[in-house]
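S.K.: Below is the structure I would like to discuss, written out as structure tokens.
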Amino acid sequence: MKYDTLIRNALVIDGTNIPGYLADVAILDGRIQRIDSLNGACADEEIEAGGRVLAPGFIDVHTHDDTVVIRQPQMLPKLSQGVTTVIVGNCGISASPVSLRGEPPDPMNLLGTASAFVYPRFGDYRAAVEAAHPTLNVAALVGHTALRNNHMDDLYRSATPGEISAMREQLRASLEAGALGLSTGLAYASAFCAETDEVLQLAEELAAFGAVYTTHLRSEFEPVLEAMDEAFLIGRHARAPVIISHLKCAGAGNWGRSPQLLASLERAALSHPVGCDCYPYAASSSTLDLKQVTDAFRITITWSTPHPEVGGRDLMDIAAEWGLSLLDTARRLQPAGAVYYGMDETDVRRILSHPLSMIGSDGLPEDPFPHPRLWGAFPRVLGHFSRDLGLFPLHTAVHKMTGLSAARFGLQERGELREGHWADMVLFDPLRVRDVADFSDPQRAAEGIDGVWVNGVCSYAQGIVTGRSDGRFLARAGDLRRGFH
């Protein structure tokens with residue numbers, strides 16, 4: 001038999017959290033046809049891996065790539081890291097279903113200006129992704145804040161019964177059209193006033209579809225344990241799996257509490273399907289939030305609508321130049337984005353290495369001066385944390401960004417290198433792979449990622465986008481609760 005692609009002498013790390021083994025891998029018609037010693041086989045394209053690692057393509061479970069996958073379908077920041085699937089619609093903000101009456105409210109503006117929101121139904125968004133033919137696969141959550149925007153004239157209160165009913169109907173239609181589940185961003189002002197009961201009622205729609213509940217907690221600061229309890233309550237009530245987004249101990253007064261957070265997660269997991277995602281940095285990035293303005297740690301402005309010239313500068317320096325307090329400076333800059341150096345490295349490592357955590361970049365592609373996680377999150381786990389620090393073995397690092405992620409989000413026939421599965425794969429050099437993007441120069445492609453295949457098509461090779469593309473929209477498949485057993 002002649003194959004489309006044959007990769008010889010690869011160290012296959014298959015995504016199942018077991019050590020790698022040497023094998024040849026053959027691709028035919030977009031799928032992995034054989035994993036074996038294929039000495040007599042031939043193919044249209046043969047690649048000598050020379051012992052480099054062949055792994056499942058990385059799944060970025062926490063992105064805000066909702067609109068950029070359509071407007072910039074090459075997706076170089078993700079493809080160059082070995083990412084083959086992105087999950088969009090996190091933190092309560094999604095590109096669909098959305099109907100705006102003006103400019104998008106904070107933090108929906110992280111996804112772009114009003115012109116980017118042209119998908120009043122989830123099916124419209126799904127069709128747009130398919131028409132764009134991005135280089136990688138896309139699966140999508142529905143954002144709670146997006147639903148609130150559609151049906152409420154004031155986001156700074158809890159919804160009425162009629163508004164909740166309208167949101168439920170729109171969520172149900174989106175789940176029927178293939179959405180993975182519901183996401184919330186309860187820490188943001190545009191959703192903070194939503195009472196727990198509002199979210200409980202919305203989440204009731206999830207059980208019939210086996211869909212998931214993901215949440216940017218109501219607080220990641222001192223009340224974080226109470227916020228986790230709220231999330232678990234919602235999940236149990238809805239009979240839906242819970243994934244806590246970018247689990248962290250935010251704020252200097254919160255540092256060192258990661259054992260408490262992880263103990264809470266473990267207790268909840270004893271009786272209910274729960275997990276979390278995290279990114280491999282001790283700094284966060286979002287819109288400029290007046291509640292987070294402090295002199296306890298560094299804050300860098302990534303963009304500002306009234307003052308675009310200050311992008312990339314520290315808030316403290318801008319305040320000194322303007323002769324204003326930090327808070328007054330932040331007010332003058334808004335709307336704006338910021339990087340907050342508000343975490344402790346020990347907490348980051350502890351959460352990153354926990355068996356219940358997956359890897360997500362939380363990158364913000366609209367930022368003109370983005371957090372380096374947009375370009376570097378996955379190679380940073382492989383190189384810095386696994387190889388250089390020995391935080392966990394390489395096969396565990398791969399599992400946290402492939403097999404575990406696919407199971408949690410029900411991405412069938414993906415996330416593991418198995419015969420018959422879709423050929424989403426990345427070839428990388430375990431000795432060379434590293435993130436190059438940093439906080440001073442954040443838009444740089446990683447080193448050591450030598451090839452990326454999406455549905456059997458080589459989309460990235462030797463640092464160059466090939467121009468070939470076969471990314472697809474991945475609708476929810478089956479009951480996501482099964483992925484937690």
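The values are calculated or read from the model by the stated rules, or taken from the named source; none is laboratory data. Keep in mind that this is a model prediction, so the values were computed, not measured. Heads up: the accessible areas ignore ligands, DNA and RNA and are worked out on the full protein's heavy atoms, side chains in. Shrake-Rupley method; radii C 1.70, N 1.55, O 1.52, S 1.80 Å.
S.K.: Report, by chain and number, residues whose modeled amide H sits under 5 Å from the one on VAL12, excluding near sequence neighbours (fewer than 5 apart, same chain).
M.R.: Those qualifying (amide H under 5 Å, at least 5 residues apart or on another chain) are TYR21, LEU22, ALA23, LEU54.
S.K.: Determine the calculated [θ] at 222 nm for the chain from helices alone, applying -39500 (n - 2.57) to every DSSP H run no shorter than 4 residues and normalising by the residue count; nearest 500 deg cm²/dmol.
M.R.: Computed ellipticity for the chain at 222 nm equals -7000 deg cm²/dmol.
S.K.: Once the Cα atoms of the chain are picked out, what are the Rg and Dmax in Å?
M.R.: Computed over the Cα atoms of the chain, radius of gyration and Dmax are 21.6, 74 Å.
S.K.: While we're on this one: Would you mind working out the accessible area per residue for the chain, using a 1.4 Å probe, and quoting it in Å²?
M.R.: 35 Å²
S.K.: Return the lysines within reach of LYS78: Cα separation strictly under 25 angstrom, same-chain partners fewer than 8 residues apart disregarded; answer none if there are no such residues.
M.R.: Cα-Cα hits under 25 Å: LYS248, LYS400.
S.K.: Using a 1.4 Å probe on the protein heavy atoms, what percent of the accessible area of the chain belongs to carbon and sulfur?
M.R.: Its accessible area is 50 percent carbon and sulfur atoms.
S.K.: Only Cα pairs under 8 Å and at least 6 apart count here; give the relative contact order of the chain as a rounded whole percent.
M.R.: Relative contact order comes out at 20 percent.
S.K.: Which whole-number percent gives the relative contact order of region 319-409, counting Cα pairs below 8 Å spaced six or more residues apart?
M.R.: 20 percent
S.K.: Something else: Show the residues, 5+ positions off or on another chain, whose built amide H is closer than 5 Å to the amide H of PHE473.
M.R.: Placed amide hydrogens put VAL138 under 5 Å from PHE473.
S.K.: In addition: What is the gain in length, in nm to one decimal, between ALA189 and SER115 on full extension, counting 0.36 nm per residue of separation less the C-alpha to C-alpha distance?
M.R.: Difference between extended and current length: 24.4 nm.
S.K.: Counting only residues 5 or more places away or on other chains, whose amide H sits under 5 Å from the amide H of GLY181 once H atoms are built in the peptide plane?
M.R.: VAL142, VAL212
S.K.: For region 222-271 and region 371-403, what is the centre-to-centre distance using only Cα atoms, to the nearest Å?
M.R.: After rounding, the separation between the Cα centres reads 23 Å.
S.K.: Also, quick follow-up: Please calculate the 1.4 Å probe accessible area of ILE244, with all protein chains present, and give it to the nearest 10 Å².
M.R.: The value for ILE244 is about 0 Å².
S.K.: Here's another thing I want to ask about it. What list of ³J(HN,Hα) couplings, whole Hz, do you get for region 22-34 from phi and the Karplus terms 6.51, -1.76, 1.60, once you set θ to phi - 60° and write x for glycine and proline?
M.R.: Once rounded to whole Hz, the list reads 7, 6, 9, 10, 10, 10, 9, 6, x, 10, 6, 8, 9.
S.K.: Short version: ³J(HN,Hα) in whole Hz for each residue of region 392-407, in order, from phi by Karplus 6.51 cos²θ - 1.76 cosθ + 1.60 (θ = phi - 60°), x for Gly and Pro, what are they?
M.R.: Calculated HN-Hα couplings, in order: 7, x, 4, 5, 6, 4, 4, 4, 5, 10, 9, x, 5, 5, 5, 5 Hz.
S.K.: Among DSSP beta bridges lying fully in the chain, give the percent that are antiparallel, nearest 5.
M.R.: Rounded to the nearest five, the antiparallel share is 55 percent.
S.K.: Rounded to whole Hz and in sequence order, give me ³J(HN,Hα) for region 470-482 from the Karplus expression 6.51 cos²θ - 1.76 cosθ + 1.60, θ = phi - 60°, writing x for Gly and Pro.
M.R.: 9, x, 9, 7, 9, 6, 4, 10, x, 8, 5, 5, 5
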